[in-house]
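Data first, discussion second: the structure below is written as structure tokens.
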Amino acid sequence: MDRTIGVRDPEVEVFIVGRNVTLDKIPRLDTTNSSVDIDLIGIAKNNNETRSAAVAFMSYNTMENLLKPDFFNTLNNTVKTMMSTVISATLPKTTNTKLTKPVNFTFKHIREFDPNGSLSCVYWNISEWIVDGCSVLETNSNYTVCSCVHLSTFALIMQTSRPSERDSLLELLNLVCVPVGLVFFSLALLTFAFCQWSPGVNNVARINLCISLLSAHLLFLLTQQFLRLIRPHQVLCAVISGALHFLFLSGFVWMFIEAVLLFICVKNLSQISSKKREVLSSGFLCVIGYTVALVVVSVSVGLLPEGYGSEHCWIKMDKGFIWSFLGPVCVILALNMILLINIIINLNSTLKNLNAKVSQMKQSKIRTFKTLAQFVILGCSWILGFFTNDRKELEIIFLILNSQQGTFIFLVYCVLNNEVRQQYRKCFRRLCCGLKQN
């Protein structure tokens, strides 16, 4: 037996067995990114005259520039990527070249493996790559084993879905609507933080709701604008999708906390106990508001870390991982609906109580209306998102409703609040007076 190796491009490894071979099995022939298992001893035994055989195994590191993956003709319109070096196996100076067993080739992946892609073991036939006689035996993220019933020039090609062309109208709406929503989120946040509110009004849930959604929409907008730069960095894309998951989910948690605070207020219309205030302090609410979302994201990362980092740097849809977001959202929306129904029932029963304070009753009614409006604004847009299914008209409605959450919150809690309007007028008058004096 004899074995020779070449280390340049192409890499070549030759193995020869003679008449008096004593091996039961020849060793695997290896190059840098590939290897081959062939029953050369069985082939030699089939050569009755010489009782010998030789195999030449070559790996071409730059051959894909000539034998491009696009020469792999398939019916479906996919993106084709060469996942291996091009290799070639022949039986030189061997009379009977019929294989006794299929030949197994192990290809090391030379590019990032996409778990959603489809791998094909192919060989070169005159002017194109075809799969006849070759199949995938096993694969993982690092390598793939192919089995073929003949020798030729081989490669491993991955097919992935062609990215859908981004709709120009959706891009324009995204570029216009999201910044508008961010402006109104900022105005609402400033109003909640600096306006003087009536005693007993707890704005901690609304402030943190605005912070969560403002951060989420801003991060989403920046990600989509620089998607081409971010997408090649899979780890960065996954971190961004995890952050978006956390921020959007915390927004829903704060919406639920707002409903809980309203429920407590309605239950205690005649008397608000100090004990309740201590239990639902701002610090306690902040811990609950962000910890719940953090726990959900942490569990999701632990169960399926590769679920983050889709084509648009969001949660991946495969393996049902999207339910790590939709599941908690559905639960929160259902609990919110139950709370709001209870709030309305309690309000109606309290109306019959002659001792109920009229002003406090009026405030509770207004707050209930606003919380209900908030539930519709924040919840219904995402519920609509469940049913878009690539329908353009529904995607447009979803984009407008979702991007204008800040606008709706500003209108409901600030513009429609008489107390806030009066403070706006005072600020505007002071500003005008200051300008006149200058």
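Say whether the condition of being acidic (Asp, Glu) and farther than 14 Å from Thr97 by Cα is met by at least one residue in the stretch 30-39.
Yes; the residues of the stretch 30-39 include at least one that is acidic (Asp, Glu) and farther than 14 Å from Thr97 by Cα.
Let's see how each residue does on (1) within 24 Å of Ala334 (Cα to Cα); (2) touching a helix residue (DSSP H, G or I) at 6+ places or on another chain (Cβ under 6 Å); (3) without any contact (Cβ under 8 Å) to a residue 60 or more places away in the chain; (4) assigned to a helix (DSSP H, G or I):
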position: Arg228; (1), (2), (3), (4): no, no, yes, yes
position: His245; (1), (2), (3), (4): yes, yes, no, yes
position: Leu249; (1), (2), (3), (4): yes, yes, no, yes
position: Trp254; (1), (2), (3), (4): yes, yes, yes, yes
position: Ala259; (1), (2), (3), (4): yes, yes, no, yes
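Given the conditions (1) at pLDDT below 70; (2) among the β-branched types (Val, Ile, Thr); (3) surrounded by 14 or more Cβ atoms within 10 Å (Cβ to Cβ), and given that Ile288 satisfies all but one, which numbered condition is not satisfied?
For Ile288, the failing item is (1).
For (1) within 27 Å of Asn116 (Cα to Cα); (2) among the small types (Gly, Ala, Ser); (3) open to solvent by 40 Å² or more (accessible area, probe 1.4 Å), each residue gets a yes or a no:
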site	(1), (2), (3)
Val297	yes, no, no
Gly302	yes, yes, yes
His312	yes, no, yes
Phe325	yes, no, no
Asn342	no, no, yes
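Check whether at least one residue in the stretch 35-51 is in contact with a helix residue (DSSP H, G or I) (Cβ under 9 Å, 6 or more places away or on another chain) and open to solvent by 20 Å² or more (accessible area, probe 1.4 Å), and report yes or no.
Yes, the stretch 35-51 has at least one match.
Restricting attention to the stretch 110-149, which residues are more than 30 Å from Val235 (Cα to Cα), in contact (Cβ under 8 Å) with a residue 12 or more places away in the chain and open to solvent by 50 Å² or more (accessible area, probe 1.4 Å)?
Trp124, Asn125, Ser127, Glu128, Ser135, Val149
Which residues, taken from the stretch 205-217, are in contact with a Leu (Cβ under 6 Å, 6 or more places away or on another chain) and either surrounded by fewer than 20 Cβ atoms within 10 Å (Cβ to Cβ) or under 16 Å from Val297 (Cα atoms) (or both)?
Ser212, Ser215, Ala216
Pick from Leu262, Leu221, Leu247: which is modelled with pLDDT under 90 and surrounded by 20 or more Cβ atoms within 10 Å (Cβ to Cβ)?
On the way: Leu221 fails: surrounded by 20 or more Cβ atoms within 10 Å (Cβ to Cβ); Leu247 fails: modelled with pLDDT under 90.
Of the residues listed, the single one that is modelled with pLDDT under 90 and surrounded by 20 or more Cβ atoms within 10 Å (Cβ to Cβ) is Leu262.
If I ask for residues that are touching a helix residue (DSSP H, G or I) at 6+ places or on another chain (Cβ under 9 Å) and among the β-branched types (Val, Ile, Thr), which ones from the stretch 123-147 would you list?
Once the filter is applied, which keeps residues that are touching a helix residue (DSSP H, G or I) at 6+ places or on another chain (Cβ under 9 Å) and among the β-branched types (Val, Ile, Thr), the stretch 123-147 yields nothing.
Restricting the search to the stretch 65-98, which residues are in contact (Cβ under 8 Å) with a residue 12 or more places away in the chain, surrounded by fewer than 18 Cβ atoms within 10 Å (Cβ to Cβ) and not hydroxyl-bearing (Ser, Thr, Tyr)?
The answer is Lys68, Phe71, Asn73, Asn76, Asn77, Val79, Pro92, Lys93, Asn96, Lys98.
State whether one or more residues within the stretch 169-181 are at pLDDT below 85, farther than 30 Å from Ser120 by Cβ, among the hydrophobic types (A, V, I, L, M, F, W, C) and not in a helix (DSSP H, G or I).
Checking the stretch 169-181: not a single residue is at pLDDT below 85, farther than 30 Å from Ser120 by Cβ, among the hydrophobic types (A, V, I, L, M, F, W, C) and not in a helix (DSSP H, G or I).
Would you point out the residue of the stretch 203-218, among those that are modelled with pLDDT of 85 or more and among the polar types (S, T, N, Q), that is farthest from Val180 (Cα to Cα)?
My answer is Asn208.
List every residue pair whose Cβ atoms sit under 7 Å apart, with the two residues 6 or more apart in sequence or on different chains, where the first one lies in the stretch 1-27 and is more than 17 Å from Ile87 (Cβ to Cβ) and the second, anywhere, is at pLDDT below 50 and open to solvent by 60 Å² or more (accessible area, probe 1.4 Å).
Ile16/Met1; Ile16/Asp2; Val17/Met1; Gly18/Met1; Val21/Met1; Leu23/Met1
Can you tell which of Ser84, Ser118, Ser88 is over 36 Å from the mean Cα position of the chain (by Cα) and not charged (D, E, K, R)?
Answer to the selection: Ser88.
Considering only the stretch 43-81, state which residues are under 35 Å from the mean Cα position of the chain (by Cα) and of a type in the set (Ser, Thr, Tyr).
Across the stretch 43-81, the qualifying residues are Thr62, Thr74, Thr78, Thr81.
When you check Phe107 against the structure, is it in contact (Cβ under 8 Å) with a residue 24 or more places away in the chain, among the aromatic types (Phe, Trp, Tyr) and either open to solvent by 50 Å² or more (accessible area, probe 1.4 Å) or farther than 26 Å from Lys319 by Cβ (or both), yes or no?
In short, no.
Within the stretch 67-119, how many residues turn out to be modelled with pLDDT of 85 or more, outside any strand (DSSP E or B) and β-branched (Val, Ile, Thr)?
3
The values are calculated or read from the model by the stated rules, or taken from the named source; none is laboratory data. All figures in this text were calculated on a predicted structure; none of them were measured in a lab. With ideal geometry, Cβ positions are generated from the backbone for all residues, glycine too; neighbour counts draw on all protein chains shown. Please note that ligands, DNA and RNA were not included when accessible areas were found on the heavy atoms of the full protein model with its side chains. Shrake-Rupley method; radii C 1.70, N 1.55, O 1.52, S 1.80 Å.
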